[in-house]
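S.K.: One structure follows; several queries about it will come next.
Readers should treat all values here as calculations from the given coordinates under stated rules, not as data from a laboratory. As the structure is a prediction and not an experimental result, all values here were calculated from the model. So basically every Cβ, Gly included, is an ideal-geometry build from the backbone, and we count neighbours across all protein chains shown.
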Ligand code: BGC
């Protein structure tokens, strides 16, 4: 985030920062509701005479609402825009926060928390998506993780609110009701930020998109990015939603869902919701346990800050994998702790240390990286739906783990439960190691192209491209008939009025036996040079193997 803030503040404008700040209020609401209930419940149960089952439903109605909210948001983000979906979720949040504060009985409270969940689930995925689409690639990690920072700040604020308000009259009503303030801030704030440029292009409003990008990108970046988006949007029109599960995007859906589900299966919300309970298992007094829970909240914030500082420097994978290894070790230690009576007796500090290590490891890796990755890895044509699928998976796993934690403790014991989490931590590490790509510093379109490849052009397009290439001096006969690649590329590029002589020999040396006829623009040499502004024309390009899987057409090299 250092790069993000520095670029935003010192750079060309603080506009990106404003966008991220306002959009990330959605994350704050998510965090506040996650954190607030553990403390509020202590008072609600007395006041509303809520039994165990009622309490369970008061907690989990929000999670069920969130699952449905995320589903609805996938549709709404495309239909009415990311911007208005977020504003809508702010409005619903305000109403539901007030309704929960004024609930007169358990069913009313459950209903209000369900509606609150609709809003939180919706915001939980539109926020990172919107921020990712507004932020330039080199600082996107910091920008999106800002949302996670707001989630953990929300959790910490909720802990503080629980602690500070516990002495006042109608305490739990205040705890739940004050959340209407950030909800209102989100609603109002969304009137002061623009539409997502990607959404604008999808709706055929490229000129508006250009203007929005002009406020957050350098001038010479705008055209390239708009044409990139247009390119992907035109592919989007040729694909159906079913392709999301059957086509080449399926591996990405698996990665998104894997991240989503493992993020919860390692038991993070067990720690968030039940840390006082876990600490009281160690023999700690209730008061001390509540205070220590605050420490866990602080560690969560501190290490999330560290993560956002590091994500765009060291990359996503090292933090994700390193953090998951760390939390797996902490879970194993907790398992051992609850297995060995002597430890519980003589070293109760060990449980607290293990919980803190767990929280720190989660906060530096899996916490922010999941939300970041799902805003980065999916092709635009499926992005909102695929993010919704991942978000729904995350909330559903959250619900299952939180709902069954105490049951697991009674079925397989405390140590068994933590060892189960640790085993899942090992599985998660292996999955991340094998499956999750590095996305640092790459445009969303690049990530998409490499991960999925594109569909070959329809035949008509290939023929049209060949014709243009022929007229530009890189004729079909040349390609088929033995002219060297260097020659083809040089002639083609020269015909487009580009001086690429310095890049060219290297590109061609690095080339594999294929060349492309490609729409829009061509990337030469896997990252160092772009041929922009061939938009109306087609260019012949040569590329390394990864580019061979791009849409386009291969010709034999000589
Ligand atoms: C997770 C939440 C969790 C929070 C804790 C988020 O990334 O999605 O379920 O409560 O991190 O910091």
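S.K.: How large is log10 of I(q)/I(0) for region 319-414 at q = 0.13, 0.17, 0.19, 0.25 Å⁻¹ when the intensity is taken from the Debye formula with one equal scatterer per alpha-carbon?
M.R.: So the normalised log intensities are -0.61, -0.90, -1.02, -1.23.
S.K.: Distance between Cα centroids, region 159-193 to region 300-335: provide it in whole Å.
M.R.: If you average the Cα positions of each part, the centres end up 29 Å apart.
S.K.: Related question: Rounded to the nearest 0.05, what FRET efficiency do residue 254 and residue 15 have when you use their Cβ-Cβ distance and R0 = 30 Å?
M.R.: Computed FRET efficiency for residue 254 and residue 15: 0.25.
S.K.: Counting C-alpha atoms alone, how compact is region 346-395: give Rg to one decimal and Dmax as a whole number, in angstrom.
M.R.: 16.3, 57
S.K.: If you average the C-alpha positions of region 351-370 and of region 93-107 separately, how far apart do those two centres end up, in angstrom?
M.R.: Here the answer is 32 Å between Cα centres.
S.K.: Follow-up question, since we're still on this one. D for region 41-142, whole µm²/s, Stokes-Einstein with Kirkwood Rh over alpha-carbon pairs at 10 °C and 1.306 mPa s: what number?
M.R.: Roughly 109 µm²/s, to the nearest whole number.
S.K.: What order do you get for 64, 374, 272 when you list them from fewest to most C-beta neighbours inside 10 Å?
M.R.: Lowest count first: 64, 272, 374.
S.K.: Ranked highest first by the average count of other Cβ atoms within 10 Å around their residues, in what order do 299-312, 165-178, 70-83 fall?
M.R.: Peptide ranking by packing, descending: 299-312, 70-83, 165-178.
S.K.: Between residue 102 and residue 47, 0.36 nm times their residue separation minus their Cα-Cα distance comes to what?
M.R.: 18.6 nm
S.K.: Would you order 403, 159 from fewest to most other beta-carbon atoms within 10 Å of each residue's own beta-carbon?
M.R.: 403, 159
S.K.: Let me ask you something else. Suppose we look only past 20 Å in the calculated P(r) of region 111-244. What percent of the Cα-Cα pairs does that tail hold?
M.R.: Summing the P(r) tail past 20 Å for region 111-244 gives 60 percent.
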